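Comments concern the structure below.
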Amino acid sequence: PTHAPTLAALAPDHVGVTWRAQPTFAWFLSAPTKGRVDFTLVDPEAVEPVVESTLASPFEPGIHQVRLSDLGVQLEPGRTYDWSVALVIDSRNRDLDVVASGAIRRNPVSPEVQAEIAAGTPAYVALARAGVWYDALSDLSAAIEAHPEDRALRAQRAALLEQVGVGAAAAYERESGVDDESPGSP
């Protein structure tokens, strides 16, 4: 039998908050795969999913993102949605899928936090303190993409992931932040 990679939704174990109409969802994969990965967003009060999308593969191990802006979908304010990523092991037997999921709610923006950001606090810091988890992770990930060599940013993202219990992704993040000049470091 083939062993499937670990798949984790980078989401709190409760309903996470966004202020954005088109937030970014993140997920972690422990090993490379050429397998199909499906992203699904569901409004529990609707019959049909809001969006179902097959993501472009292959995938390397690490943190991956799905931007709702790329899918042309918006979240309604005050609504809670469920989302999932599924690694499809056998398209004829979807019971074998490896699935990870989370929940998200779009809440109104806090003027206090906006003022804190305008005053120079990094957005991901102010957002994380305010419990706006999805936007904090998204902004921190964007900072890492802009400054991939900044190990402090990776350490902050690992800490954010540990806060919500996504240990495998946090461990990967800490290891990927280590530079190649120190092989064999503990």
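Using the 2.2 N^0.38 Å rule of thumb for compact globular proteins, work out how the stretch 122-178 stacks up: its C-alpha Rg over that value, please. Relative to the rule-of-thumb radius for its length, the stretch 122-178 sits at 1.02. Computed from point charges on the beta carbon alone (+1 for Lys and Arg, -1 for Asp and Glu), the dipole magnitude for the stretch 1-95 about its Cα centre is near 300 Debye.
Accessible area per residue for the chain, computed on protein heavy atoms with a 1.4 Å probe, is 54 Å². Each eigenvalue of the Cα gyration tensor of the chain, multiplied by 5 and square-rooted, gives one semi-axis; in descending order these are 26, 25, 12 Å. Close amide-amide hydrogen proximity is noted between residue 79 and 106, each under 5 Å apart and 5 or more residues distant or on a separate chain (H modeled in the peptide plane; Pro and chain starts excluded). The relative contact order of the chain comes to 25 percent, based on Cα pairs under 8 Å that sit 6 or more residues apart.
Each residue of the stretch 64-71 is assigned a 3J(HN,Hα), and the resulting list reads 10, 10, 10, 9, 4, 4, 5, 9 Hz, derived from the Karplus form 6.51 cos²θ - 1.76 cosθ + 1.60 (θ = phi - 60°), x at Gly and Pro. Note that the stretch 50-90 carries a Kirkwood radius of 12.6 Å, evaluated over its alpha carbons pair by pair. Surface listing: 89, 104, 117 arranged by accessible area from highest to lowest gives 89, 117, 104, probe 1.4 Å. With an a/c value of 1.5 or above and a/b not larger than b/c for the gyration tensor axes a ≥ b ≥ c computed over the alpha-carbon atoms, the stretch 99-146 is described as oblate. Placing +1 on each Lys and Arg Cβ and -1 on each Asp and Glu Cβ, with no other charges, gives the chain a dipole about its Cα centre of roughly 160 debye.
Counting only protein heavy atoms, what percent of the accessible surface of the stretch 61-172 is carbon or sulfur at a 1.4 Å probe?
On the way: 2720 of 5580 Å².
Heavy-atom surface of the stretch 61-172 belonging to carbon and sulfur, 1.4 Å probe: 49 percent.
Close amide-amide hydrogen proximity is noted between residue 17 and 105, 133, 134, each under 5 Å apart and 5 or more residues distant or on a separate chain (H modeled in the peptide plane; Pro and chain starts excluded). Ordering 43, 90, 82 by accessible surface, largest first, gives 82, 90, 43; the 1.4 Å probe counts only protein heavy atoms, with every chain in place.
Accessible surface ranking for 173, 45, 1.4 angstrom probe, highest first: 45, 173. In order along the stretch 53-62, the Karplus-derived 3J(HN,Hα) couplings, from 6.51 cos²θ - 1.76 cosθ + 1.60 at θ = phi - 60°, round to 9, 8, 7, 5, 10, x, 10, 8, x, x Hz, and Gly and Pro are given as x.
So, counting K/R as plus one and D/E as minus one, what does the shell of residues with Cβ under 14 Å around residue 140 add up to?
Details: positive: 129, 151, 154, 157; negative: 135, 139, 145, 150, 162, 173.
It works out to a net charge of -2.
Of the candidates 87, 55, 161, which one comes out as most mobile in a Gaussian network treatment of the chain with C-alpha springs shorter than 10 Å? In this elastic network of the chain, the residue with the biggest mean-square fluctuation among 87, 55, 161 is 55. Between 115, 128, 143, the Gaussian network model of the chain with springs among Cα atoms under 10 angstrom shows the greatest mean-square fluctuation at 115.
Simple point charges give the picture: +1 on the Cβ of Lys and Arg, -1 on the Cβ of Asp and Glu, and for the stretch 45-145 a dipole about the Cα centre of about 140 debye.
The share of C-alpha pairs in the stretch 1-51 whose separation exceeds 13 Å stands at 72 percent. What the phi angles of the stretch 142-159 give under the Karplus curve with 6.51, -1.76 and 1.60, with θ = phi - 60°, is a coupling list of 5, 5, 5, 4, 6, 9, x, 7, 7, 5, 5, 5, 5, 5, 5, 5, 4, 5 Hz, glycine and proline written as x.
The values are calculated or read from the model by the stated rules, or taken from the named source; none is laboratory data. Everything numeric here is computed off the predicted structure, so don't read it as measured data. Every residue, glycine among them, receives a Cβ derived from its backbone with ideal geometry; neighbour counts consider all protein chains shown. What goes into the accessible areas is simple: the full protein's heavy atoms, side chains included, and nothing from ligands, DNA or RNA. Shrake-Rupley method; radii C 1.70, N 1.55, O 1.52, S 1.80 Å.
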